[in-house]
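Here is the structure we will look at.
The values are calculated or read from the model by the stated rules, or taken from the named source; none is laboratory data. This structure is a prediction, so every number in the text was calculated from the model and none was measured. Positions of Cβ are generated from backbone atoms using ideal geometry, with glycine treated the same way; all protein chains shown enter the neighbour counts. These accessible areas exclude ligands, DNA and RNA; they are computed on the full protein's heavy atoms, side chains included. Shrake-Rupley method; radii C 1.70, N 1.55, O 1.52, S 1.80 Å.
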Amino acid sequence: MDYSLQNHASYIGRSVSELPTPALILSKPVLEQNIQILLDDVKQLGIEFRPHVKTLKCTEVTRMMLGDGIHRRIVASTLSEIRGCLDLVKEGKLDECLYGLPVSASALPFLQTLNESLKIILMIDSEQQVDLLESYASKSPSPLAPWPVFIKIDVGSQRAGMVTDSPSLPTLIQRIESSSAATVYGFYCHAGHSYACRTEDAAAAVLQSEVEGVAEAARVLVDGKSNRRVVVSVGSTPTAHVVRRLQGVLLEGMELELHAGNYPTNDLQQVSTSLVEPTQQAVRILADVCSVYPDRNEALINAGTIALSKETGEFPGYGVVVDRAQWSVVRMSQEHGILGWAESDQTHRLVEKTGSKSSDGDKVEDAFTVGDKVLLYIQHACITAAMHYAYYVVDEQDIVRETWVPWKGW
């Protein structure tokens, strides 16, 4: 069993420099600030909010994202996440969960059981999934209520969903509405392509296209029907950062909600969008310097692929040293990470914004010594966090004040 999973609580009250490595460090002040910004934005707009629990996957963060019960809906990508959130149901702070993948045959029996404790919404983007629900209902020993479903709309990500001009979309809507096993709850889209945005204007344009896309799909149900109400759900972390710029395009009968998941932590990919500051990154990875190689101007750390992931972005490599931003994890294997000099416009921005050291020069022997501990900013917090069994939650002085254990598995 992982040492941190067995012994994480014993490090409460100690500096991060004393932690076993590799370790995931979570800054609670930064986390709280990031969460509050978005809670304030949705409050000001008067819209509903559905946080996605996929990034840090733990009760403590989910409770914070919900505003301690102000918002009562979530999105989850795994059954494990839904099971983990049942504690919040018992606390009376959570009412509803969207299972964020198009529903599968293997997941359906588990979702039916979970539906007894928490209202489960399903995701649909094919008539074959309606067939699946009808077949499942026909085999049930007792009558089942129709499943509320979001119809997934593809607004450019090309991951899941149907485009709004697909001739199959009206057919799918009619198929669901005529089925005894499902009923349309709303329309959902995720602008994953918004990660390519580099300005507020670009992100706001993607957000506007999201809303217009799901609103167009929803018109099939609400136009001219005074008694029909559907939810239109939009969002991603880049577009959530500019949600205050949203302009209304909804018809009567449409309820707008925002969803986002990465925003509590942020990461180098989010910093690359220019929509968040480097200091808004709540996650860092702690690693040991295990060797130094002056002949090739590199150093070895004990954080490799399964501590960091192989996600990349506009910042060089797979992670950037927090206080020496020109040094990045330039190569990795399973447990090994190689630090190399990797100067770029993005690393210059980190130096300017964070006060990172830039006077050590480009010689590895001047920057690192065997036995040093280094903190790394990471490319994609969602995937990196999934690699770790315990989170060390620190204050402004990097003293561990709490430890949180995430939900694991699918």
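Output the residue which, of all residues in the stretch 111-139 that are touching a residue at least 24 places away in the same chain (Cβ under 8 Å) and either among the β-branched types (V, I, T) or part of a loop (DSSP other than H, G, I, E, B) (or both), is farthest from L88 (Cα to Cα).
S126
Determine if the stretch 142-158 includes at least one residue that is part of a strand (DSSP E or B) and touching a Lys or Arg at 6+ places or on another chain (Cβ under 8 Å).
yes
Of these, V234, V163, V230, which one is closer than 27 Å to S77 by Cβ, touching a Leu at 6+ places or on another chain (Cβ under 8 Å), open to solvent by 10 Å² or more (accessible area, probe 1.4 Å) and at pLDDT 85 or above?
Unique residue meeting the criteria: V163.
Name the pairs whose Cβ atoms lie under 7 Å apart, with the first residue in the stretch 267-293 and open to solvent by 10 Å² or more (accessible area, probe 1.4 Å) and among the aromatic types (F, W, Y), the second in a strand (DSSP E or B) and modelled with pLDDT of 95 or more, and 6 or more positions between them or separate chains?
Hits for this filter: Y293/A299.
Please tell me if N297 is in contact with a Cys (Cβ under 8 Å, 6 or more places away or on another chain) and modelled with pLDDT of 95 or more.
Taking the combined requirement at face value, the residue does not satisfy it.
Taking the stated definitions as given, is R296 touching a strand residue (DSSP E or B) at 6+ places or on another chain (Cβ under 8 Å), charged (D, E, K, R) and free of Cβ contacts under 8 Å to residues at least 40 places away in the same chain?
Spelling it out, it is not the case that R296 is touching a strand residue (DSSP E or B) at 6+ places or on another chain (Cβ under 8 Å), charged (D, E, K, R) and free of Cβ contacts under 8 Å to residues at least 40 places away in the same chain.
Considering only the stretch 308-321, state which residues are open to solvent by less than 30 Å² (accessible area, probe 1.4 Å) and touching a strand residue (DSSP E or B) at 6+ places or on another chain (Cβ under 6 Å).
L308, P316, G317, G319, V320, V321
May I ask you to list the residues in the stretch 48-64 that are open to solvent by 30 Å² or more (accessible area, probe 1.4 Å) and more than 14 Å from R401 (Cβ to Cβ)?
Once the filter is applied, which keeps residues that are open to solvent by 30 Å² or more (accessible area, probe 1.4 Å) and more than 14 Å from R401 (Cβ to Cβ), the stretch 48-64 yields E48, K54, K57, R63, M64.
Kindly check whether there is at least one residue in the stretch 393-400 that is in contact with a Phe, Trp or Tyr (Cβ under 7 Å, 6 or more places away or on another chain) and either on the phi > 0 side of the Ramachandran plot or in contact (Cβ under 8 Å) with a residue 24 or more places away in the chain (or both).
Within the stretch 393-400, one or more residues are in contact with a Phe, Trp or Tyr (Cβ under 7 Å, 6 or more places away or on another chain) and either on the phi > 0 side of the Ramachandran plot or in contact (Cβ under 8 Å) with a residue 24 or more places away in the chain (or both).
Looking at (1) open to solvent by 10 Å² or more (accessible area, probe 1.4 Å); (2) of a type in the set (A, V, I, L, M, F, W, C); (3) under 24 Å from A76 (Cα atoms); (4) modelled with pLDDT under 80, find the lone condition where A137 falls short.
All conditions are met except number (4).
Only one of (1) at pLDDT 85 or above; (2) open to solvent by less than 10 Å² (accessible area, probe 1.4 Å); (3) not charged (D, E, K, R) fails for A240. Which number is that?
(1)
Considering only residues that are among the hydrophobic types (A, V, I, L, M, F, W, C), in a loop (DSSP other than H, G, I, E, B) and open to solvent by less than 40 Å² (accessible area, probe 1.4 Å), which ones fall in the stretch 368-410?
Residues satisfying the conditions are F368, A390, W407.
Would you mind stating whether L207 is outside any loop (DSSP other than H, G, I, E, B) and over 20 Å from Y185 (Cα atoms)?
Yes.
Filter the stretch 339-366 for residues that are of a type in the set (K, R) and open to solvent by 90 Å² or more (accessible area, probe 1.4 Å); which is modelled with the lowest pLDDT?
K357
Within the stretch 1-36, take every residue that is without any contact (Cβ under 8 Å) to a residue 24 or more places away in the chain and not acidic (D, E) and give me the one that is surrounded by the most Cβ atoms within 10 Å (Cβ to Cβ).
Here the residue is P20.
For Q44, indicate whether it is open to solvent by 60 Å² or more (accessible area, probe 1.4 Å) and without any contact (Cβ under 8 Å) to a residue 60 or more places away in the chain.
no
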